[in-house]
Each structure stands twice: as C-alpha cells, then as structure tokens.
1. Over the chain, with the other protein chains present, what is the accessible area per residue in square angstrom, probe 1.4 angstrom?
2. Sort Val335, Val349 by heavy-atom solvent-accessible area, probe 1.4 angstrom, most to least.
3. What range in the chain is the longest one free of GluC sites (Glu not before Pro) that are in a loop by DSSP and have at most 16 other Cβ atoms within 10 angstrom?
4. Please list Met396, Met329 from largest to smallest accessible area, probe radius 1.4 Å, with all protein chains kept in place.
5. Return the long-range amide H neighbours of Ala455 (sequence gap of 5 or more, or a different chain), with a cut-off of under 5 Å between placed amide H atoms.
6. Apply the Karplus curve 6.51 cos²θ - 1.76 cosθ + 1.60, θ = phi - 60°, to the phi angles in the range 312-323 and return the couplings in whole Hz, x for Gly and Pro.
7. Mind listing the long-range amide H neighbours of Leu359? Cut-off is under 5 Å, sequence gap 5 or more, other chains count too, H placed in the peptide plane at 1.01 Å from N.
8. In whole angstrom, how far apart do the alpha carbon centroids of the range 231-280 and the range 298-333 sit?
Amino acid sequence: MALFMVVLVLLFILALSICTALLRWNELKFSKKGLPPGTMGWPIFGETTEFLKQGPNFMKNQRARYGSFFKSHILGCPTAVSMDPELNRYILMNEAKGLVPGYPQSMLDILGKCNIAAVHGSTHKQMRGALLALISPTMIKQQLLPKIDEFMRNFVSDWDNKIIDIQEKTKQMAFLSSLKQIASVESTSIAQEFMPEFFKLVLGTLSLPIDLPGTNYRRGLKARKIILTILKQLIEKRRGNQESHKDMLAYLMSKDDNNRYKLSDDEIIDQIITILYSGYETVSTTSMMAVKYLHDHPSILEELRKEHMALREKKRPEDPIEWNDLKPMKFTRAVIFETSRLATIVNGVLRKTTEEMELNGFVVPKGWRIYVYTREINYDPFIYPDPLAFNPWRWMDKSLESQSSFLIFGGGTRQCPGKELGIAEISTFLHYFITRYRWEEIGGEKLMKFPRVEAPNGLNIRVSSY
C-alpha cells in the first residue's frame, strides 16, 4: 500500500512537472519583445476552454490584469484582444491597412472559402455586391417580404393552447424563412433533410478545428458535405427545367444583363450557406429574447401591441404586412435594437493581420487574429443610462442609431448587409405573434449569454389566444 502511494505521488509530481513545462514552453514561444501582455495557455488548445466557459468574466479578468489590449490563444489562433472602444473603431474602419477578416479556422472550413466573411479586397466587393443585390430595399419590397409574410402568418397559426419551446421554434422559423426566400418552390421538399444538417454546421463553426470523431468540428464538416450535395442537386434541377422562379437562387443563377455579379456554382453555394448562417443566428436569437423580455416587461408589451393593433385595424384579416408598413413600426424597431443590445447577440468580430503592425504601442505579428470585443460597449452607462434595464424608449432618439458606438450590427466596411432584412423578418414575426397570442413562461429555464445566447434546456411558454 505504501509503495502504491509513493508511485501515485511520483506520477502526480511528474504530471505536474510536464504540465508546468508545457505552459512555460507555450509562453516562451509567444514571448517576442513588444507583444501585448497576457497569457497563452496550453499548446494547440490555448485558453479556448476558459474563454468559452467563462466568457465575459474571462475577458474582465484578463483586462484587470493586463489592460484593455492583451494577448491570448483562443479557437486555435494566437490572438490580440482589444477591449478599447477607440482602438476597436480604428480597426473596424481600416480593414485595407494590413487587416483582413480573421474568423476562426473552423468557421472558414465549414462555411466555405468563398463565403463573404472569408474573402477580402476585390473578391469581397464582388461577393458583397452580389449579396446586397439580393437584399436591396427593392428586392425586399417586391419579392422577399411577401414570402416572409406568408411564411410567418402560417408558421404561428397553430400555436393556440399549446406549450412550445420558443427557442426551438425561432430556430426553425429563422432557417425555414430564409430557405423559402432562397428557393421558394423547393424549400418544403428539401427542408427535412437540410435542417438537421444545417444545425450541425452551425455548432461546428465555433469549435476547435480538431478533426476527430465525435467533435463538433467533424460533425460540421460532414454536414457541409451533405448540404453541398443538396444544393448542387437543386442547382442542376433548376438548370434542367424552363420554369421561371422569383427567389434568391434564381437571381444568383441568372445570366442576363440585370445580374451584374456572375458567380460560379461554388460561389453561389457558399453565398447561400452564408445567407442562411448569418440570418439564422441573429433572427432566431433576437426573436427568442424579444419574447422573453416582452414577457418580463408587460408595459412594454402593451406599447408594442398597441402599435401593431393600430396597423392591423387598417387592414382586412387576410391583408399582408407590406414594405410601407415597416417604416411606421418605430417602437418595434426600438424593441429589436434594445433586445440585441441587452442580450448581446454578437460579442465581437475577428480580424487577421497580413503584416506585422503596431497597435496601442504593441507589436502584433503577421498572421495573428485581432478580436475586436464589443460586448462591453453595450453596457456603457455613459452611452446607455441604466444599461442593464430593458428600455426600448432609449432608441426612439434616432441619433443613438447613428453614433459610432452603435456596433450591434458590426461596424466599418463589414456592417451586416442583411440588417434591414433581419429587422423585417423579426418585425413580421412579432406582428403575428403578439396580435394573436398572449403567453406565460413555464419552468423558468436558465439562460446562457456566452459564447452564444441560448437556453440549454429550452425556453418553454404556454400560448393562448389574445
């Protein structure tokens, strides 16, 4: 027994020595003179586990130790983290000066090399131009909003006297609504196969790029392959018939002079995946959290309901939400902005250095990521008085939306191009939901705010007619 204890102690000392040596080696590896202060964690894994588990607390602790500009190693990359508002604005506004998109390798691998977040320079302009043409005000007004209205009206039509998981429902809603806009006729037939693979793809984009069985990364790569097959078959089927379609895929495949942006099939597929991915995360989570916040603040719900009932009174029951109805929805827009701010749907953006550069007096080597962490701006009491309160009225002052601190939808040359489309989708969902139903939460499920806003056990509500 004594010998066993001695061996156990020796093994523990050996393991501790190896761990200490590995940590020390990794710190020395990234100890170049002039680098920002900070820690790098373990080889390969870095501080990813602490970053994902502790989230904002990890960031606050590192800032308390090292200041608002520090180094770390997260999501497989050596990273300089900026929590300095002025430096963040500089980085976002100066992409061409040694900075390009720097999203994690897992996201680049799974979303595709042609996705708008991965490309830069002239290619980014081409892909962004093609995307903006798809979601222009004219396109939203004439083609997308009618599809959104029809979908939302039908999607919430059978919720009366049911207990539903609003998190699951808004995920389905965001995906299926986008799919209908992309491929209107075929969306129903491909959704059943497409949707579960898409959810695996989303989980894989925020994981360590380690291709081992059972990892989210491996599942995400497999899901991408299945999705590629589905979309290639869809494109081939469209080419094989002469039917006329009015949706995003028809525009992307168009060869006529009205389409300035001729894309290859690979570019079209990555563009579709990008549209689905970017819209899914923001629309689903913002819709879920709006339902949550409105439930918790009855007076705000009544104000919002008043706005939508006034609109409904001017229409027959079968009349849709139209483009001209969106502009008067001022309080609805305010609710969406306040939900996005308070829930912090997006915590920051990543850039990558194409050359060694100096920022805030420190050297950032070529190939490093820079994490522009914008979460704290959302809770700055100088910008948003009483920042932890859910107060949509603060957004009724339009000047707040035009301030340089307004980074809810990104900033600089990469502000979210689908902002107005997303607002139209959420507004239409809220219209049909709050004018038809009242609801109460059951269970009081826990909410997580990082790295994604989610309810791990779902967010169940009991719905009844209004």
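The values are calculated or read from the model by the stated rules, or taken from the named source; none is laboratory data. Everything quoted here is computed from the prediction, not taken from an experiment. Here the Cβ positions follow ideal geometry from the backbone for every residue, glycine too, while neighbour counts run over all protein chains shown. SASA here: full protein model, heavy atoms, side chains in, ligands and nucleic acids out. Shrake-Rupley method; radii C 1.70, N 1.55, O 1.52, S 1.80 Å.
1. Values: 21840 Å² over 466 residues.
Dividing the accessible area of the chain by its residue count gives 47 Å².
2. On the way: Val335 0, Val349 30 Å².
So the residues, ranked largest to smallest area, are Val349, Val335.
3. Values: sites that count: Glu243, Glu318, Glu322, Glu355, Glu356, Glu445.
It works out to 1-242.
4. Details: Met396 90, Met329 10 Å².
The ranking, largest first, comes out as Met396, Met329.
5. Here Met448 satisfy the definition.
6. With the stated coefficients, the range 312-323 comes to 5, 5, 8, 10, 6, x, 8, 5, x, 6, 10, 3 Hz.
7. Those lying under 5 Å, H to H, from Leu359 are Val364.
8. Distance between centres, Cα-based: 33 Å.
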